[in-house]
1. So if I place +1 on the C-beta of Lys and Arg and -1 on the C-beta of Asp and Glu, and nothing else carries charge, what would the dipole magnitude of the chain be about its Cα centre? I want it in debye, nearest 20.
2. Helix-only estimate, please: 222 nm mean residue ellipticity of the chain, summing -39500 (n - 2.57) across DSSP H runs of length 4 or more and dividing by its residues, to the nearest 500.
3. Equivalent ellipsoid semi-axes for the range 79-122, as square roots of 5 times the alpha carbon gyration tensor eigenvalues: give them largest first, rounded to whole Å.
4. Can you tell me what the convex hull of the Cα atoms of the chain projects to on average, as an area in nm²?
5. Using DSSP to call loops (not H, G, I, E or B), can you name the trypsin sites (Lys or Arg not before Pro) in the range 32-122 whose Cβ has at most 12 other Cβ atoms within 10 angstrom?
6. Using +1 at the C-beta of Lys and Arg and -1 at the C-beta of Asp and Glu, which of SER102, GLN12, ILE91 has the Cα lying farthest in the positive direction of the dipole of the range 1-107?
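No value in this document is a laboratory result; all are computed from the given coordinates. Nothing here was measured: the structure is a model prediction, and the numbers come from that model. Cβ placement follows ideal geometry from the backbone for every residue including glycine, while neighbour counts extend to all protein chains displayed.
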Amino acid sequence: MHEPSDVPVPKQAVDREALLERRLARSEAARAEAEQLLETKSRHLAETEVVLLQKEEQLLERVNRQTLSLISAQKLADVATFHGDEDKRFIGSNNFADVIGSKTPVTSFEQFAKMVHPQDHE
């Protein structure tokens, strides 16, 4: 009886095995390259997100500073105005209460909302 290694293997089988090994090697290389690309893109996306969040914070600070500057200029010009920021702080000019007919300074959105006519709420 012949040992399994003693049995001659047809050339077609050897060629097919070599072809399958090359395909497997190409597939593994492509997978590794895709994983590397995904990791690189993910890292870049995370870094970009951090930069965007920092820029958003800087822009919000800038808008708030400019808004406060505008309100200050309007106060100086004796213009009635008010502003609310994302923290729901209410900032009104000194003569805002006089213009809307309030005897007391307006210090909150709730206080202002109570003064607005119901038909003007929409």
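1. 340 debye
2. -23000 deg cm²/dmol
3. Its equivalent ellipsoid spans semi-axes of 15, 15, 9 Å.
4. Average of the hull's projected areas for the chain equals 17.4 nm².
5. Loop-located and lightly packed - LYS88, ARG89, LYS103.
6. Result: SER102, furthest along the dipole toward the positive end.
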